[in-house]
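These notes concern the structure reproduced below.
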Amino acid sequence: MTSSDALVRQMYEELDARDRAVVDEWRGLGNDLFTSLMRARVLGDGPRRHVADDIHEFARRSWSGDYDVEFRTTCEHEAAHAVVARHLPGVTLVDVVARLGGGGLTRFRTPSDQASATVYAAADQWVHGLRCHVLPAGNRFGCGDDRQRLLRHTGGDPFRIREAETKAFRILRENHTEVLAFAELLGQANGEPMTFGG
Ligand SMILES: [Zn+2]
């Protein structure tokens, strides 16, 4: 890390949580930290600039079928499963992969159906909930059968489904930066699986 990298990192860490979240939106597009600070306009007193404010950028990413957006969406989808698994008691994360050609897999172990349901609910809560303005193509690029697994582990009980979704959403909101960092690592792994203690 060069001294200017350290300075940029320090500027980021001194922002309040709201401004950091705006910067994270820009990082989510693959911008480096310095570029993200500039584009979010968080260093001055004026209005902050969100990704969704940039209509041109939004249109480009919505309609171009950009490959990087696909891979990024897969990485974030799997990162959401993985981070929720890491924060649930009694769940062991085994391995995570985001494949370059699309699709991915997060494997974990738990004896609890409700914990399983919460991990399976996570990707949808992240991609369509917390990140819908940044990942416009949605879950097309993640693992496909989360919904079926959610139904299986809850027996289709609407109360238990809601409970799993709410808990996943809360964990993801509280660990927003960790999900983005995890997605970044998956991206750097370049299609290779990341293996954990399980
Ligand atoms: Zn999934």
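Every number here is computed from the coordinates shown, using simple stated rules; none is lab data. Note that this is a predicted model, so its numbers are computed, not measured. Here Cβ is always computed from backbone atoms with ideal geometry, including for glycine, and neighbour counts include all displayed protein chains.
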From DSSP H assignment alone, runs of 4+ in the chain each adding -39500 (n - 2.57), the sum over residues rounded to the nearest 500 puts [θ] at 222 nm at -17500 deg cm²/dmol
Taking amide H atoms as placed 1.01 Å from N in the peptide plane, list the residues 5 or more away in sequence, or in a different chain, whose amide H sits under 5 Å from that of His133. none
Rounded to the nearest 10, the angle in degrees between the Cα long axis of helix 158-174 and the longest principal axis of the Cα atoms of the chain comes to 30
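Please label the shape of the stretch 3-53 as rounded, prolate or oblate, based on the square roots a ≥ b ≥ c of the eigenvalues of the alpha-carbon gyration tensor (a/c under 1.5 means rounded; beyond that, a/b larger than b/c means prolate, else oblate).
Oblate is the answer for the stretch 3-53, as a/c is 1.5 or above yet b/c matches or exceeds a/b.
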HN-Hα J in Hz across the stretch 30-42 - Karplus 6.51, -1.76, 1.60, θ = phi - 60°, x for Gly and Pro: x, 6, 6, 4, 5, 4, 5, 4, 5, 5, 7, 6, 8
Computed ³J(HN,Hα) along the stretch 115-129: with the Karplus parameters 6.51/-1.76/1.60, θ = phi - 60°, integer Hz and x for glycine or proline, the list is 5, 4, 4, 5, 5, 5, 6, 4, 4, 5, 5, 6, 6, 8, x
Scalar couplings 3J(HN,Hα) for the stretch 87-95 by Karplus 6.51 cos²θ - 1.76 cosθ + 1.60 (θ = phi - 60°), nearest whole Hz, x for Gly and Pro, are 9, 9, x, x, 10, 10, 6, 9, 7
Ratio Rg/Rh [Cα only; Rh per Kirkwood] for the stretch 67-195: 0.94
Cβ-based net charge around Ala82, under 11 Å, with every Lys or Arg adding one and every Asp or Glu removing one: -2
Which order do peptides 80-89, 170-179 fall in by mean Cβ count within 10 Å, highest first? 80-89, 170-179
